[in-house]
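See below for the structure under consideration.
Every number in this text was worked out from the coordinates using simple rules, so none of it is lab data. Quick caveat: nothing in here was measured; it's all calculated off a predicted structure. Quick reminder, even Gly has a Cβ in these numbers, built from the backbone with ideal geometry, and neighbours come from all protein chains shown.
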Amino acid sequence: MLDRLAQARKRLGELEIDALLVTQAENRRYLSGFTGSAGVLLITLNRHVLAADSRYWEQAEKQAPAFELFQIKTRLEDHLADILGKAGHPKRVGFESATVSVDQYSAWSKMNGGVEWVATKNAVESIRAVKDEFELATIRRAAAVTDAGFDFLCGALKPGLTEYEAAWELEVFLRTHGADALAFDVIVASGPHGAMAHHHPSHRAIRAGEPIVIDFGAKVDGYCADMTRTVSLGRADEKFDKVYETVRRAQQAALDGIRAGMPGVQADALARKVITAAGYGDFFGHGLGHGVGLSVHEAPRAGRVDAEAPLPAGATLTVEPGVYLPGWGGVRIEDLVVVRENGAEALSRSHKRSII
């Protein structure tokens, strides 16, 4: 945690602020180790304070022993001046604009004491993008549970099973084989439902010979995995073979070409040009991938827009091209990788056979 705090303190100088008030849950956990669902951190150049209410007091003492603790007895707004005082009365205080409501900001702005509130964006998320070895080891465990779940589901899928039943069986397996939770709700999208990238499982019965998109991830010790496979129960038609092979080649092109330092938009282009050349460019509407860690969607990004930043070494990234054809279905293949100087290290190990 001390190294992470040192990086956060470096950000104070870069942002020209005296302190950072951390309210986002994953950022709070990342910097302090505290996993409670409520509380705030205040980071200055030489102090670090965790403020939480009585529900979390014992938990805070155990999980964040390096932090000075402040107990909130009513509302955060009632104690904010005292929390700032405990940290030396900083004058320019950054806040996380993505997670602070207009009402909260309005209340804070009315505080006495000459505090200037400075909106910040990605102050901690940019640090979280590069994973340390402990984080990578934990994500590997989550990926291994995810792989085991796919192996299980391949044996459990059968015609007549509904999407909802398949998703539930997979969830039960994950939770009883090492997952503390799901990284996100399981996606099972059969037949035409596969054309919706984030379809919610329904009571539609799965049929033989149609594409089935399965997107899921285990969460282990707070860290997520994310993987997608597309399969068919028995031989599908030639259209499925063509779309599947296009997506597989696109993903492989990205897996082979990704390197640390490459802009995310360039990584996206590796896969997108394969799909476009096959005539499906208009049907790949999302970006190639995103970082995965304490959140299932975090920095860095690989896509057509807002992805000009270089991919840092040590970052995780999903590589998930897809083709979605309304009325027919879709194909997505996704692996979770670690970005390295000399390539992409795959954490997802599940097979990519399209027919089971």
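Points to keep in mind about this one:
- Gain upon complete extension [GLU245, LYS110; 0.36 nm per residue less C-alpha separation]: 42.7 nm
- Structure remark: mean-square fluctuation, Gaussian network model of the chain, C-alpha springs under 10 Å; the largest value among GLY289, GLY281, GLY217 belongs to GLY281.
- Anisotropy class of region 147-257 from Cα gyration tensor, a/c 1.5 cut: oblate
- Karplus-based coupling profile of region 235-248, in residue order and whole Hz: 4, 9, 8, 5, 4, 4, 4, 5, 5, 4, 5, 4, 5, 4, with θ = phi - 60° in 6.51 cos²θ - 1.76 cosθ + 1.60 and x standing for Gly or Pro.
- Net dipole in debye of region 133-346 [+1 Lys, Arg Cβ; -1 Asp, Glu Cβ; about Cα centre; nearest 20]: 480
- The magnitude of the dipole of region 277-356, with charges of +1 and -1 set on the Cβ of Lys/Arg and Asp/Glu and taken from the Cα centre, is near 300 debye.
- Amide N of region 1-35 lying under 15 Å from the label point, which is placed 7 angstrom from the Cα of ASP221 along Cα→Cβ: 1, 30, 33-35
- Distant-in-sequence amide H partners of MET262 (H built 1.01 Å from N, under 5 Å): LEU311
- Gain upon complete extension [SER54, GLU26; 0.36 nm per residue less C-alpha separation]: 8.0 nm
- Between VAL115, GLY264, THR318, the Cα set farthest toward the positive side of the dipole of the chain (charges on each charged residue's Cβ, about the Cα centre) is that of GLY264.
- In sequence order, region 118-127 has phi-based couplings of 10, 5, 10, 9, 6, 5, 9, 4, 5, 6 Hz under the Karplus curve 6.51 cos²θ - 1.76 cosθ + 1.60, θ = phi - 60°, and Gly or Pro positions carry x.
- Using θ = phi - 60° and Karplus 6.51 cos²θ - 1.76 cosθ + 1.60, couplings along region 23-28 (whole Hz; Gly, Pro as x): 10, 6, 4, 5, 5, 4
- Listed residues THR162, THR176, THR316, most fluctuating in the chain (Gaussian network, C-alpha, under 10 Å): THR176
- The magnitude of the dipole of region 2-128, with charges of +1 and -1 set on the Cβ of Lys/Arg and Asp/Glu and taken from the Cα centre, is near 180 debye.
- Proximal charge balance of ILE83 [Cβ under 15 Å; K/R count +1, D/E count -1]: 0
- Of LYS62/LYS219; LYS10/LYS73; LYS86/LYS219, those spanning more than 26 Å from alpha-carbon to alpha-carbon: LYS10/LYS73; LYS86/LYS219
- In this structure, the amide hydrogen of PHE184, modeled 1.01 Å from its nitrogen in the peptide plane, lies closer than 5 angstrom to those of GLY217, counting only residues at least 5 positions away or on a different chain.
- Entry note, the chain: relative contact order of 14 percent, from Cα contacts under 8 Å with a spacing of 6+ residues.
- Length added when fully stretched, THR74-ASP180, from 0.36 nm per residue minus Cα-Cα: 35.0 nm
- Rounded to the nearest 500, the 222 nm mean residue ellipticity of the chain from helices alone is -11000 deg cm²/dmol, with -39,500 (n - 2.57) taken per DSSP H run of at least 4 residues.
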